[in-house]
Amino acid sequence: MVAKAGENMRVNGDRLWDALMEMAKIGPGVAGGNNRQTLTDEDAEGRALFQKWCEDAGLTMGVDKMGSMFMTRPGTDPEALPVYVGSHLDTQPTGGKYDGVLGVLSGLELVRTLNDLNIKTRHPIVIANWANEEGARFSPPMLASGVFAGVHTLDYAYGRRDPEGLSYGDELKRIGWLGDEEVGARKMHAYYEYHIEQGPILEAEKKEIGVVTHCQGLWWLEFTLTGKETHTGSTPMAMRLNAGLAMARILEAVQAITMDFQPNAVGGVGQMFFSPNSRNVLPGSVTFTVDIRTADQEKLDGMRARIEKQAAEICEALGVGCSVEAVGHFDPVTFTPELVENVREAAVELGYEHMDIVSGAGHDACWATKVAPATMVMCPCVDGLSHNEAEDISKEWATAGADVLLRAVLKTAEIAA
Ligand code: HGY
Ligand code: MN
Ligand code: MN
């Protein structure tokens, strides 16, 4: 029996792994991971390396006004819209080597494999490197793909500021990656994103592939509590307007409320700022962001309402001012069933252990669903660890997911006769 064109096709896992290790040298962290935050010089260096690799593979580059990169491999049908494969090269300040990067470089490996085999596709294939997926330096996360999907305006995005007060628009110009394409002008036939799970399920269930059916929705609620700057030594307890105490009680409330909404809901705080942040001054203000997520819309909104209500009550009881701004949000996402089935079929055809999974983390694919059919492929990560420099995967896991990505994408992009 003769194999159909592409039927036994797999990527070159060694070449994919080499690319991952090469990219990981740019913006190294302090503990084996990466600090290649968006619109930094390190980000610019990583972009340039990715651009070189893509142009060496015969791709042509487009860059939009948010700095997202699009690398095109032509198809045989000039009328056919491209199939996009993408993710992000920017990292957390103490990020891993694979979050986002695996998806972008697996897109490159997919193209390199098609070039090796001289396989053409009817639809063009475009690899996307979305700017500012992490939202670590400029909130909210998935900012550029959000502008692309019409969720944010370009002005809003350009005005986002990092903790040093630098704006997205100025930093994009400074690193020389302000493109000329209107954001969102590109039309996608379909979008696939390959990403590490960033959670413990696939490894625990001994599955190589996550067939991603949904993604949790998210709120980022930025609280600003206003206390009174006074001496920590000479101010009697009864006279204190203690914003730090209010914050602590609100964090406890977030934990308790999240546990009330189990199963499948998460909530916590990763970032807080005290002002003036001096050991012997009670804070005049405390700013922190509550991150809550669940795949159930009603739960998500219920959690937000309860947290905001209880925070206001806590602050009133302590005489502390309380304001809250939603600085990040997306509703729970259902990925496109037809594309999800392509991923599932690809895993079966390739003989990889797989299971359906809901993405705990947010991804550019969440916004892509607003403008095109979209889905994701996932691979396990060691101990479910991510957003930690010790994030780790095996070459076998990386390769399996890239094989599935290749085969699923070809089901949509169609091998040209
Ligand atoms: O926050 C997230 O889920 C993603 O890492 N930006
Ligand atoms: Mn990511
Ligand atoms: Mn991330």
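Just a few scattered comments:
- For the residues 113, 91, the requirement of being within 16 Å of ligand 2 (Cβ to nearest atom), among the β-branched types (Val, Ile, Thr) and in the same structural domain as residue 69 (by the TED database) singles out 91.
- Test for residue 273: is it in a strand (DSSP E or B), under 30 Å from residue 334 (Cα atoms), not assigned by the TED database to the domain that holds residue 140 and not small (Gly, Ala, Ser): no
- Checked against the criterion of being closer than 24 Å to residue 273 by Cβ and open to solvent by 40 Å² or more (accessible area, probe 1.4 Å), segment 118-134 contains not a single residue that satisfies it.
- Figure legend. Inter-residue proximity from segment 384-402: first residues among the aliphatic types (A, V, I, L, M), second residues within 16 Å of ligand 2 (Cβ to nearest atom), beta-carbon distance below 6 Å, spacing 6+ or different chains. Indicated pairs: 385/391; 393/98; 393/196; 393/381; 402/106.
- Filter result (closer than 26 Å to residue 293 by Cα, open to solvent by less than 40 Å² (accessible area, probe 1.4 Å) and in contact with a Leu (Cβ under 9 Å, 6 or more places away or on another chain)) within segment 226-253: 243, 244, 246, 247, 250
- Set 11, 30: member being of a type outside the set (S, T, N, Q), surrounded by fewer than 17 Cβ atoms within 10 Å (Cβ to Cβ) and modelled with pLDDT of 95 or more: 30
- Residue ranges of helices (runs of 4 or more DSSP H) in segment 334-417 with at least 3 members under 16 Å from residue 87 (Cα atoms): 364-368, 395-413
- Some residue of segment 377-390 being touching a Cys at 6+ places or on another chain (Cβ under 8 Å), buried (at least 21 other Cβ atoms within 10 Å of the Cβ) and of a type in the set (A, V, I, L, M, F, W, C): no
Every residue, every condition in (1) loosely packed, with under 14 Cβ neighbours inside 10 Å; (2) small (Gly, Ala, Ser), yes or no:
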| site | (1), (2) |
| --- | --- |
| 263 | yes, no |
| 284 | no, yes |
| 289 | no, no |
| 294 | no, no |
| 301 | no, no |
| 309 | yes, no |
| 312 | no, yes |
| 315 | no, no |
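- Selection status of residue 327, in contact with a His (Cβ under 9 Å, 6 or more places away or on another chain) and open to solvent by less than 40 Å² (accessible area, probe 1.4 Å): no
- Of the criteria (1) in a loop (DSSP other than H, G, I, E, B); (2) away from ligand 1 (no atom under 16 Å from the Cβ); (3) open to solvent by less than 10 Å² (accessible area, probe 1.4 Å), which one residue 71 fails: (1)
- Count of residues meeting criterion [closer than 28 Å to residue 385 by Cα, open to solvent by less than 20 Å² (accessible area, probe 1.4 Å) and more than 16 Å from ligand 1 (Cβ to nearest atom)] in segment 45-68: 3
- Residue list for segment 81-93, filter: in a loop (DSSP other than H, G, I, E, B) and either touching a Phe, Trp or Tyr at 6+ places or on another chain (Cβ under 6 Å) or open to solvent by 10 Å² or more (accessible area, probe 1.4 Å) (or both): 81, 82, 88, 92, 93
The values are calculated or read from the model by the stated rules, or taken from the named source; none is laboratory data. Note that the structure is predicted; figures quoted are calculated from it, not measured. Every residue, glycine as well, gets a Cβ built from its backbone with ideal geometry; the counts of neighbours run over all protein chains shown. Accessible surface is based on the protein model in full, side chains and every heavy atom, while ligands, DNA and RNA are left aside. Shrake-Rupley method; radii C 1.70, N 1.55, O 1.52, S 1.80 Å.
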